[in-house]
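To start, I am sharing the structure in question, which I have written as structure tokens.
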Amino acid sequence: MFALCAWVPAVCLVLGLLQTPKQYGAGERVRSEAERLAAGKPILADGIDAEQLALDGRQVWIANPLDAFSQRDQRLYLDWLDANPDGDALLRGATAVVVARGSKPQQRLERDPSFRRAAVDARAAIYVRVPSNE
């Protein structure tokens, strides 16, 4: 009986170690490319991508904890995440933007002529500002 009780957790441990960790946000290649494309400026990114970029030591525009930012910036960020046009004010200063594929912000960026998609992976896409002809 003891052998059976010890065997089951051992099998679960081995199976857990053999599984590849699930990717929830942008992969390392996309995060590195976003940093390169941002050219030293903060990266605007949605939730999990902003967190991962910050953990990597990369500069982000805004991230959790949101209450560390002004109420105006918090509102703009939440509006941007909801694809509310009021949130587009955040895009005015953005050079590189990382969003989850299929998200509302990605759908808005796809239709925004001032941005183009620069890179993509299974979970995220990078958009960069199109240079103006001024």
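Out of the residues in the stretch 82-101 that are of a type in the set (A, V, I, L, M) and at pLDDT 95 or above, which is surrounded by the most Cβ atoms within 10 Å (Cβ to Cβ)? Even if it seems obvious, please write down each step before you answer.
Within the stretch 82-101, the first condition is being of a type in the set (A, V, I, L, M), and the residues that meet it are 83, 89-91, 94, 96-100.
Filter once more, keeping what is at pLDDT 95 or above: 96-100.
Details: Ala96: 24, Val97: 29, Val98: 31, Val99: 26, Ala100: 20.
Of everything passing the filter in the stretch 82-101, Val98 is surrounded by the most Cβ atoms within 10 Å (Cβ to Cβ).
Further, regarding this structure: Go over the candidates Asp73, Asp67, Asp121 one by one and state the one that is open to solvent by less than 30 Å² (accessible area, probe 1.4 Å) and either modelled with pLDDT of 95 or more or more than 16 Å from Gly27 (Cα to Cα) (or both). Don't jump to the end; show me each part of the working.
Details: Asp73 fails: open to solvent by less than 30 Å² (accessible area, probe 1.4 Å); Asp67 fails: open to solvent by less than 30 Å² (accessible area, probe 1.4 Å).
Criteria check complete, one pass: Asp121.
For the stretch 33-55, name all the residues that are more than 12 Å from the chain's Cα centre (by Cα) and open to solvent by less than 70 Å² (accessible area, probe 1.4 Å).
Glu33, Leu37, Ala38, Gly40, Pro42
When the residues of the stretch 97-127 are narrowed to those that are among the aliphatic types (A, V, I, L, M) and out of contact with any Asp or Glu (no Cβ under 8 Å at 6 or more places or on another chain), which ends up farthest from Asp49 (Cα to Cα)? Walk me through it before giving the result.
Going residue by residue through the stretch 97-127, those that are among the aliphatic types (A, V, I, L, M) are 97-100, 109, 118-120, 122, 124-126.
Subset that is out of contact with any Asp or Glu (no Cβ under 8 Å at 6 or more places or on another chain): 97, 109, 120, 122, 125.
Details: Val97: 10, Leu109: 16, Val120: 13, Ala122: 13, Ala125: 10 Å.
So the residue we want is Leu109.
Please specify each residue of the stretch 96-127 satisfying the condition of being over 18 Å from Gly47 (Cα atoms) and in contact (Cβ under 8 Å) with a residue 12 or more places away in the chain. Walk me through it before giving the result.
Initial filter on the stretch 96-127 (over 18 Å from Gly47 (Cα atoms)): 110-119.
Selection gives Asp112, Pro113, Ser114, Phe115, Arg116, Ala118, Ala119.
The values are calculated or read from the model by the stated rules, or taken from the named source; none is laboratory data. Note that the structure is predicted; figures quoted are calculated from it, not measured. So basically every Cβ, Gly included, is an ideal-geometry build from the backbone, and we count neighbours across all protein chains shown. Accessible surface areas use protein heavy atoms only, side chains included; no ligands, DNA or RNA. Shrake-Rupley method; radii C 1.70, N 1.55, O 1.52, S 1.80 Å.
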